[in-house]
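S.K.: Pasting a structure below so you can have a look.
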Amino acid sequence: MRDQIDKYIGKLLADRSAIPGAIAIAAQDDVLIAQGSPELAKLAGDTLSRLNSLALVAARPSLPFAEFLIARAGKGETFILPQDTETRTFLHDIPFLRREDLAGDPAPELARLLGSRKGVIVEGVGIIAVGAITVEQAFINYSSVFHSTFVKYLQDLLTDGFKLPGEREAFESFRKQWLKPLSAEGLEFVDAISLDKEEILLEIERVGRYTVERGLVDSFFGNISACAGDLIYISQTAASLDELKGCIDPVPTDNSSTTGITASSELLAHRKIFEETGARVILHGHPKFAVIMSMLCDKKKECAIKDCWKECPHVRDLGGTPVVAGEIGAGGLAKRVPPVIGASGSAIVYGHGVFTLGRDGFGEAFRTMVEVENFCREEYFRLLKA
């Protein structure tokens with residue numbers, strides 16, 4: 001268990017979502033274990049001891065966006081409701097506690113909130129997230145809250161601007177210091193995927209790591225596949241893209257067996273994309289600026305559709321990449337992405353993420369995703385400045 005705790009503290013540092021020295025993880029083993037920052041470890045242990053769960057992460061995010069969302073919230077509001085897919089699918093909403101709610105021991109109130117939600121934001125403390133049966137789940141839920149509050153805050157800036165003292169300065173610091181240039185420079189790819197199983201598995205594992213390391217996806221969302229003859233090799237559902245060894249399923253293209261039962265929930269979309277485009281590989285990530293920009297629409301005020309993420313029938317455009325609506329899994333996404341992705345080699349799903357193609361190998365798919373995210377990043381800052 002201690003190895004698991006060390007592993008996920010390391011991941012929080014590697015993805016730069018938490019401040020070094022301000023991370024703690026508690027877990028139930030034979031006895032309750034709490035490691036990390038002493039103050040946060042005590043809070044994590046005290047809260048977890050009140051829950052029927054195995055693990056809890058308590059960490060201060062490396063960006064102040066969650067804190068700003070609380071400060072910008074109206075009096076009486078008790079939760080944040082981001083519109084991205086990760087929130088809709090996994091979090092529903094994100095409750096928060098203000099400083100004045102923390103008088104005395106905050107653990108009982110945190111345990112009450114975490115009894116029905118996967119993560120909570122505590123003003124002045126950070127993000128507290130729980131895992132029902134694994135440490136990994138607590139890490140996933142922390143990362144989901146970090147991702148969703150990042151997306152929500154940057155969305156709100158476009159509509160409402162800076163409101164709080166120090167907000168603009170903190171954002172400039174984020175832009176100049178936290179945000180890194182995004183490129184595929186220095187990465188190696190197989191030029192053309194062969195039919196060799198071992199080569200395909202190794203290439204998928206390597207590209208999965210690249211995708212996480214370059215910040216194009218949180219480690220456990222997104223998916224990746226390669227088509228070889230009558231098989232599709234695809235990452236398993238909920239697999240960490242930076243740990244795909246043993247987590248890639250070979251699935252018959254004709255759906256003639258049940259081996260796809262553990263495959264990514266996007267298997268149907270991948271299969272249809274291969275059928276309609278003739279591509280050899282598909283990469284799907286959740287780059288943050290593409291997610292943010294996909295939810296901007298200048299027709300919203302005059303449009304009768306409210307559930308844009310699944311009901312919008314229109315194909316919009318972001319720098320030559322089509323943007324479509326669509327539920328994850330076998331819903332609308334599998335119907336709406338395949339017809340539009342072939343021409344540009346990329347497609348953005350509303351509030352969700354980006355799909356890119358490689359006609360021969362992953363180099364093309366990866367570089368295309370980088371280009372899409374860089375366009376969206378530049379377009380975001382252009383709009384914010386306007």
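The values are calculated or read from the model by the stated rules, or taken from the named source; none is laboratory data. Given the structure is predicted, the values throughout are model-derived calculations rather than measurements. Heads up, the Cβs are rebuilt from the backbone with ideal geometry, glycines too, and the neighbour counts pull from every protein chain shown. Note: accessible area is taken over every heavy atom of the protein model, side chains too, but ligands, DNA and RNA are not part of it. Shrake-Rupley method; radii C 1.70, N 1.55, O 1.52, S 1.80 Å.
S.K.: Among (1) open to solvent by 30 Å² or more (accessible area, probe 1.4 Å); (2) in contact with a Ser or Thr (Cβ under 8 Å, 6 or more places away or on another chain), which single condition is GLY353 missing?
M.R.: Only one criterion in (1) open to solvent by 30 Å² or more (accessible area, probe 1.4 Å); (2) in contact with a Ser or Thr (Cβ under 8 Å, 6 or more places away or on another chain) is unmet by GLY353, namely (1).
S.K.: Now, a different point. Could you grab me the full set of residues in the range 212-247 that are open to solvent by less than 20 Å² (accessible area, probe 1.4 Å) and of a type in the set (Gly, Ala, Ser)?
M.R.: Here is the first cut: in the range 212-247, the residues open to solvent by less than 20 Å² (accessible area, probe 1.4 Å) are 216-217, 219-220, 222-226, 228, 232-235, 239-241, 244.
SER219, GLY222, SER225, ALA226, ALA228, SER235, ALA239, SER240 - these are the residues of the range 212-247 that are open to solvent by less than 20 Å² (accessible area, probe 1.4 Å) and of a type in the set (Gly, Ala, Ser).
S.K.: Hey, another quick one. Quick check on my filter: what residues within the range 259-307 are assigned to a strand (DSSP E or B), out of contact with any Asp or Glu (no Cβ under 7 Å at 6 or more places or on another chain) and not hydrophobic (A, V, I, L, M, F, W, C)?
M.R.: Quick first cut of the range 259-307, residues assigned to a strand (DSSP E or B) only: 263, 281-285.
Checking which are out of contact with any Asp or Glu (no Cβ under 7 Å at 6 or more places or on another chain) leaves us with 281-283, 285.
Hit for the range 259-307 is GLY285, nothing else.
S.K.: Additional query: Quick test of your reading of the structure: ALA343 fulfils all but one of (1) free of Cβ contacts under 8 Å to residues at least 24 places away in the same chain; (2) open to solvent by less than 20 Å² (accessible area, probe 1.4 Å); (3) of a type in the set (A, V, I, L, M, F, W, C). Name the failing condition by number.
M.R.: Exception for ALA343: condition (2).
S.K.: Let me ask you something else. Could you look through the range 124-154, keep only residues that are assigned to a helix (DSSP H, G or I) and of a type in the set (S, T, N, Q), and pick out the one that is nearest to ILE19 (Cα to Cα)? Lay out the reasoning, then the answer.
M.R.: Initial filter on the range 124-154 (assigned to a helix (DSSP H, G or I)): 135-154.
Adding the requirement that they be of a type in the set (S, T, N, Q) leaves 137, 141, 143-144, 148-149.
Details: GLN137: 20, ASN141: 17, SER143: 13, SER144: 16, SER148: 18, THR149: 16 Å.
Selected residue: SER143.
S.K.: Of the conditions (1) open to solvent by 10 Å² or more (accessible area, probe 1.4 Å); (2) closer than 23 Å to SER148 by Cβ; (3) part of a helix (DSSP H, G or I), ASP6 fails just one. Which one is it?
M.R.: The failed condition is (2).
S.K.: State which residue is nearest to GLY131 (Cα to Cα) when the search covers only the range 73-100 and only residues that are outside any loop (DSSP other than H, G, I, E, B), open to solvent by 40 Å² or more (accessible area, probe 1.4 Å) and modelled with pLDDT of 85 or more. Before the answer, list the steps.
M.R.: Within the range 73-100, the subset outside any loop (DSSP other than H, G, I, E, B) is 79-80, 85-91, 94-97, 99-100.
Right, trim to open to solvent by 40 Å² or more (accessible area, probe 1.4 Å) and you get 79, 88-90, 99-100.
Cutting the leftovers down to modelled with pLDDT of 85 or more gives us 79, 99-100.
Working: PHE79: 20, ARG99: 25, GLU100: 27 Å.
Only one residue tops the list, namely PHE79.
S.K.: Please find, within the range 376-386, the residue that is nearest to ILE273 (Cα to Cα) out of those that are touching a residue at least 40 places away in the same chain (Cβ under 8 Å) and more than 19 Å from the chain's Cα centre (by Cα).
M.R.: From the range 376-386, those touching a residue at least 40 places away in the same chain (Cβ under 8 Å) are 376-377, 379-381, 383-384; that's our starting set.
Cutting the leftovers down to more than 19 Å from the chain's Cα centre (by Cα) gives us 379, 381, 383-384.
On the way: GLU379: 28, PHE381: 32, LEU383: 32, LEU384: 34 Å.
Checked the range 376-386; the qualifying residue nearest to ILE273 (Cα to Cα) is GLU379.
Rundown of residues vs (1) assigned by the TED database to the domain that holds MET1; (2) modelled with pLDDT of 95 or more; (3) surrounded by fewer than 17 Cβ atoms within 10 Å (Cβ to Cβ); (4) of a type in the set (Asp, Glu), yes/no style:
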site: GLY131; (1), (2), (3), (4): yes, yes, no, no
site: SER143; (1), (2), (3), (4): yes, no, no, no
site: SER148; (1), (2), (3), (4): yes, no, no, no
site: LEU157; (1), (2), (3), (4): yes, yes, no, no
site: GLU167; (1), (2), (3), (4): yes, yes, no, yes
site: PHE189; (1), (2), (3), (4): no, yes, no, no
site: GLU198; (1), (2), (3), (4): no, yes, yes, yes
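S.K.: Still on this structure: Just the residues that are over 19 Å from VAL122 (Cα atoms) and either open to solvent by 30 Å² or more (accessible area, probe 1.4 Å) or in a helix (DSSP H, G or I) (or both), please, taken from the range 17-33.
M.R.: First, the residues of the range 17-33 that are over 19 Å from VAL122 (Cα atoms): 27-33.
Those that are over 19 Å from VAL122 (Cα atoms) and either open to solvent by 30 Å² or more (accessible area, probe 1.4 Å) or in a helix (DSSP H, G or I) (or both): GLN28, ASP29, ASP30, VAL31, LEU32.
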